[in-house]
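The values are calculated or read from the model by the stated rules, or taken from the named source; none is laboratory data. No experiment lies behind these values; they were computed from the predicted model shown. FYI the Cβ positions are ideal-geometry reconstructions off the backbone, even for glycines, and counts take in every protein chain you see. Each accessible area value is taken on the protein alone, full model and side chains, heavy atoms only, with ligands, DNA and RNA left out. Shrake-Rupley method; radii C 1.70, N 1.55, O 1.52, S 1.80 Å.
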Amino acid sequence: MTKLQDQREKHWEAFVGRCQACRACELSESRQNVVVWRGGIRAPLVILGEGPGADEDRLGLPFVGRSGKLLDQLLTSFGFDAGDYHIANIVKCRPPGNRVPTEEEARACRPLLKEQLRLVRPTVYLLMGATAHRYFMGSSTGITQARGIWTESNNCHILPTFHPAYVLRDPSKRTFLWQDIAAVRQKLEELDLIEKLKA
Ligand code: SF4
C-alpha cells in the first residue's frame, strides 16, 4: 500500500467513525446501525438512494434487501466491479417504518454526505428514486419526468433513475432502469473512468 492509499484509508476510517457517532437527528434514536456505504472508498460512480430499510439497518450496509439484489444483478450484468462504484444514501439511519426521510433529516445528514463525496471524489452520479433526486438536486420535478436526463454540475454528470424498489412493484418500468444503467456505463467509458467492455 502506498503512503497516499494509507492516508486515504485513515481519513476514511475517521469519517466512518464520525458517522457512527452521529446523533444530529432523531433517526439516531431508533437505528441499529449507521449505514455508510458499500463498494470502493474511491470510485468514479456514486449510486445514491434514499435511506436504509430494515435489512440495511440490521446489516449496516446499503441496498442489501430485494432492491439491492436487483441493483447488484444489473451492475454485474453491465460489467461493473465493486471497486467501480460507491453506494450510499441521502440519510444514513433508517427512518422508522421505511417512511421517506423528512427535509430536516436530509439536511441534518448533508454535511456527512458532503464529506463522504469529497473523499470518494466521483465524477458520475446515479440518483435512485424520487427522494434521492429531490434532496440531492433540490428539484421538485417528478422522477418520471427527470429520469434518463443528464445534468452537469461542477464537472460531474448526474443521472436520475427509478428506484429498484419501484421497479419491483411495477415491472413495466424495468426497461427504463436498464437503459439508465447502460447510459451510466457508457458515460464512464466515454470519460475513460472505466475500462471499455470487450465486445
Ligand atoms: S441520519 Fe444522518 S444526521 Fe441523522 S443521526 Fe443518522 S447519520 Fe446523523
Residue pairs meeting the criteria (Cβ under 9 Å; at least 6 apart or on separate chains; first in contact (Cβ under 8 Å) with a residue 40 or more places away in the chain, in the range 94-118; second away from the ligand (no atom under 12 Å from the Cβ) and of a type in the set (D, E, K, R)): Arg94/Glu56
Unique residue being more than 25 Å from Leu168 (Cβ to Cβ) and away from the ligand (no atom under 16 Å from the Cβ) when the list is Gly65, Gly40: Gly40
Out of the residues in the range 36-54 that are farther than 20 Å from Glu9 by Cβ and out of contact with any Ser or Thr (no Cβ under 9 Å at 6 or more places or on another chain), state the one that is most open to solvent (accessible area, probe 1.4 Å). Ala54
When you look at Arg174, is it more than 15 Å from Asn89 (Cβ to Cβ), open to solvent by less than 20 Å² (accessible area, probe 1.4 Å) and in a helix (DSSP H, G or I), yes or no? no
Residues in the range 152-164 that are in contact with a strand residue (DSSP E or B) (Cβ under 9 Å, 6 or more places away or on another chain) and either modelled with pLDDT under 95 or surrounded by 15 or more Cβ atoms within 10 Å (Cβ to Cβ) (or both) total 8
Could you say whether any residue in the range 115-133 is over 19 Å from Leu193 (Cβ atoms), open to solvent by 30 Å² or more (accessible area, probe 1.4 Å) and of a type in the set (Ser, Thr, Tyr)? no
Number of the exception - His11 against (1) more than 12 Å from the ligand (Cβ to nearest atom); (2) open to solvent by less than 70 Å² (accessible area, probe 1.4 Å); (3) assigned to a helix (DSSP H, G or I); (4) not polar (S, T, N, Q): (2)
Looking at the range 73-95, is at least one residue surrounded by fewer than 18 Cβ atoms within 10 Å (Cβ to Cβ), more than 22 Å from Leu193 (Cα to Cα) and either more than 16 Å from the chain's Cα centre (by Cα) or more than 16 Å from the ligand (Cβ to nearest atom) (or both)? no
Among the residues of the range 14-37, count how many are among the small types (Gly, Ala, Ser) and more than 11 Å from the ligand (Cβ to nearest atom). 2
